[in-house]
Structure formats: C-alpha cells, structure tokens
Amino acid sequence: MTDETWGHVRGELMKSIGKNNFSAWIEPITFHSFEDGIVRFLVPAKFIGSWVSQNFGDVILRHLISAGVGADRIEFTVDPAAKAKPAPHSADTAPDAIPSPEPVNVGGNNGNGNGLLNASLNQNFTFDAFVVGKPNELAHAAARRVAEGGPVSFNPLFLYGGVGLGKTHLMHAIAWELQTRQPQLRILYVSAEQFMYRFVRALREKDTIGFKEMFRSVDVLMVDDVQFIAGKNSTQEEFFHTFNALIEMGKQIVISGDRAPVDMENLDNRIASRLACGLVVDLHPTDYELRLGILQTKAETYRERYPKLQIAPGVLEFVAHRISTNVRVLEGALTRLFAFADLIGSEITMDLTQECLSDILRATDRKVTMDEIVKKVCEHYHIRQADLLGPSRARNNARPRQMAMYLCKKLTTRSLPEIGLKLGRRDHTTILHGVRKIEELMAVDSQIAEDAELLRRMLEA
Ligand code: ADP
Ligand code: MG
C-alpha cells in the first residue's frame, strides 16, 4: 500500500462519510505503514484514534480492501511529531468543515417547486441560530433587512470576511426567511463555483439561452464566494451580464466574498464598481464575547443531544479564549469535546478539554506573545518597558507589571517560570502573586477589570 492508495481511499471516504465528518476526523490522520495485514495510521491525539476506529474503522477497512489492499485491520498510533507540526485544524488552513451535531443539508428545490432552483440550504443556518455580537452586528442587520423582503433597499448586498465567520450562514438565513415570508419568491442560492460549472455546462451543451433565462428569471439571486470566479474571464463576463440584468429589473442580489470588492485582484473592474454601489459590509474576526456566546448557544443544543453530559465551569470560557477567530474551528472543537466526553462517559473537565483539543490549541498557541503583552501594557499605562521590567515597586509601575503577568498567564501557554524570566527575571511565586492580585482586584475594582478586558481585546484582535 502506498500514499497514493491512501489518497484514493481518502477520496472514497469523503464521498461515503460526508465532507464534515471527513474534515473533522479523517483529515487529521496520516498513513504510516502497512505490514502483516495491519494498516497503521498516525493521529495527532489518542482520542482521535479511538473515535475514528470506533466510528469509521469498518468503512475505512472496507474501502482499503476494495482498493486492493490486503488489510485485516487498522491501527492508530499517536504521532510523536504531532507536537511540532501545526495541527490540521489551524484557523487558516481549516477545511470546509461544518462539524455540527447533525449536519443536515436539505437538497432539492427551494420549496417553490419549479425544479430549477436546486439550492441546497443548510437547515441549521437560520437567523435564530446566528449569534450576534459586535463583530457581525452590521452584517447581521443588513441581512435581516434584506430578508424582510421589503422594497429593495441596498442592491447588491455584499458580505465579506475571512473564512468561517458566518457569510454562508447569513446568506442561507436570508433565503430561509424570505422563503417563509414570501413563498412565491424564486430564490436562487449558488456558490460562484456552481455558477461557473453551470455556465460551462451550458456552453458545452450549447444552451446558453436556457442558462440566461434561468438566472434572469429569479427574484433573488445569491452568489456565495464570488472570489472564486475572479480571473475566470468568460464566467465573470456572464456573471456581470446576469447581475446587471437582475439589478435593472429591481431584483435583489446578495453576494459574498472573502475580501472587499476593491481588494479582489482579477475581479473585473465593472463588477467591482457595481458591487461597490450596493451595500458592502464586512464580518470582522470574532471577539471573545461573540465566541463565548456562540459556544454557549451551541452547547445548549448539544445538551439536548447528550443530556447526561456536564461541562465544568470555565471550560467554555477557556475555549473561547484560546481558539482563534474562526467559528468553524470553534464548532469543531465543541463537537469533539462532546463526542469525547460521551465516549469515555465523563464530565467535560478542563483536563479533558486540554487533552481532547491539544492539536487545535497548539495550532492557536502563541497567537499572543509575551512581547506583545509587554508592549501593549506599557502603551496602555504610558510607562516605559524598562520600568515595567525593572525593579521599581512604585504603584504606577507595579500594577501594570502585575497586569502583564496576568495577561501572560491568561493569554499564552507560558509557565510561571517562563513568564517570570520574561518579566524582568522574577521568581515564579512573584508571578503567581501578581496574577492573583489582578484577579482579586478585578472583582472589586471596575477600572482594573476594564483595563484587563480592554487589553485582552486589543491583544486578541
Ligand atoms: P463562511 O461562509 O464565512 O466561511 P460559515 O457561514 O460557513 O462561514 O460559518 C462557519 C460555521 O460557523 C457555520 O457552521 C456557522 O453556522 C457558524 N457560525 C458562524 N458565525 C456564527 C454566528 N454568529 N453564530 C452562530 N454560528 C455561527
Ligand atoms: Mg462560506
């Protein structure tokens, strides 16, 4: 058996277990060896091995066998190198995973029965399920407005932002809402990729007229991830015409992209300027509050599914602190936590969390460095770094120093001695004292609490 065979089997697995399961569970494992009928895989954490073996062991074996591998069983070993490697779940490389408890996709048409509009909308992507916070409130408000279906007010609505921040979720929510309010509307949701494929197919089948008619006959057109067609010239051209035609007819258009129209290289200038004529709103990276809100909301839905599982206090806060800005990764983490706790029949404790999410946590580790903390704290309190790091015991140096200790402890994975070394070669007990001091003060002194909050936000932004 070779890496190539595994590559092929992976492709088959993706088809049979679905994209979400695939990214959550198969993506993290790597083929190691094949000997004596045993296929060995490396996993980043023990838990992933037991989960995959329990839930997907048979499918994997079956696919291996049909690929001609004379395998009797499969085994998982924790990858000793996993500690050094960035985890597959890091925010930037996160696959297109939507590991929700039951990822449901309603295929078929949009309920308007004409068979043309075979958008597949995710049932979980509703406004009710969308948690609103500072980073997404504008985008949410704009989406809501469009979903009311009143006179077309901003056209097109262009939503943009990084991966996993809720663009697709909002678009589906608009579609669901519009469809409920006005069932007669013809709503078409497509990814830009699908748009292209359909166009190419129409060209091949010499049916561009049918294609044009279809796209021009809708009341609401939503095109997701428009960056995909930037640079694909004939598709862009067609898109531009479709777009203009619909706008002229007063039809609503909603588009998403990974960046602002002006920043999209290779996007036809005419499209960019038309996009800019509508309302352009961005989804900002999540902040701590939003992440916590999302985790709490999702945890509620999991509790219905796993009524026996308890979450120890502080776990959600910890996850919200430590996991990057991408909501998809955050959801994946929670899925894993519940699955793991369910598997071993334990409460979701802090220890369990650390173990179960070790690869994700490692990937987002050191997002904030101690240097950044020192710098920001000094700026915030208007003191010099030499004073913060030096021996001065004056209150206006000592307090910021303790704040730095506190932030280093909370926002990095550094140990107390490491923090001590960084902050002017101080003893770890001094650091511990400083951290506790700030925690005590935060409870009674709102100024300190605010400072801590503000600094944390700036550092995590
Ligand atoms: P994008 O299209 O921007 O890459 P998605 O809309 O696919 O991101 O969102 C990724 C995942 O995160 C989805 O499962 C979505 O439900 C979830 N999500 C994102 N933002 C929120 C939010 N504000 N509240 C609840 N879930 C969210
Ligand atoms: Mg998307």
Quiz item: Do you know the relative contact order of the chain, to the nearest whole percent, from alpha carbon pairs under 8 angstrom that are 6+ apart?
Solution: 14 percent
Self-check item: Label-point gap, in nm, between GLN310 and LYS212 - each point 7 angstrom along Cα→Cβ
Solution: 6.8 nm
Practice problem: Net charge near TYR197: determine it from the other residues with C-beta under 14 Å of the C-beta of TYR197, scoring Lys and Arg +1 and Asp and Glu -1. | Solution: -2
Self-check item: Nearby lysines by direct alpha-carbon distance to LYS251 (threshold 28 angstrom, same-chain neighbours under 8 apart not counted)
Solution: LYS167, LYS206, LYS212, LYS232
Exercise. With both partners inside the chain, how many of the DSSP beta bridges are antiparallel, as a percent to the nearest 5?
Key: 20 percent
Exercise. Choose one of PHE211, VAL444, ILE247: the residue whose Cα lies farthest towards the positive end of the charge dipole of the chain (beta-carbon charges +1 Lys, Arg; -1 Asp, Glu; about the Cα centre).
Key: VAL444
Quiz item: Once fully extended, how much extra length lies between ASN233 and GLU12, figured as 0.36 nm per residue of separation less the alpha-carbon to alpha-carbon distance?
Solution: 76.3 nm
Quiz item: Classify region 370-460: rounded, prolate or oblate, from the alpha-carbon gyration tensor (a ≥ b ≥ c, eigenvalue square roots; a/c under 1.5 rounded; otherwise prolate if a/b is larger than b/c)?
Solution: rounded
Quiz item: Which residue, chosen from SER346, LEU361, HIS380, occupies the Cα position most advanced towards the positive end of the dipole of region 328-405, where the dipole is computed from +1 (Lys, Arg) and -1 (Asp, Glu) charges on Cβ about the Cα centre?
Solution: HIS380
Self-check item: Simple Cβ-charge dipole of the chain, Lys/Arg +1 and Asp/Glu -1, about Cα centre, in debye nearest 20
Solution: 880 debye
Quiz item: Given H placed 1.01 Å from N in the peptide plane, which residues other than close sequence neighbours of VAL78 have an amide H under 5 Å from its amide H?
Solution: VAL43
Quiz item: Measuring from label point to label point, each 7 Å out along Cα→Cβ, what is the CYS277 to GLU379 span in nm?
Solution: 4.0 nm
Quiz prompt | Gain upon complete extension [ASP72, GLU193; 0.36 nm per residue less C-alpha separation] | solution = 39.5 nm
Practice problem: Give the long-range amide H neighbours of HIS32: residues separated by 5 or more places, or on another chain, with amide H under 5 Å away, using H modelled in the peptide plane at 1.01 Å from N. | Solution: ARG40, PHE41, LEU42
Quiz item: How far is it, in nm, from the label point at GLN54 to the one at ASP128 when both lie 7 Å from their Cα along the line to the Cβ?
Solution: 3.1 nm
Self-check item: Table column - 3J(HN,Hα) (Hz), region 269-274, Karplus curve with 6.51, -1.76, 1.60, x for Gly and Pro
Solution: 4, 5, 5, 4, 6, 5
Quiz item: In angstroms, what radius of gyration and Dmax does the chain have, counting Cα atoms only?
Solution: 25.6, 81
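Read-outs throughout are calculated quantities, based only on the coordinates presented, and are distinct from any laboratory measurement. Keep in mind that this is a model prediction, so the values were computed, not measured. Quick reminder, even Gly has a Cβ in these numbers, built from the backbone with ideal geometry, and neighbours come from all protein chains shown.
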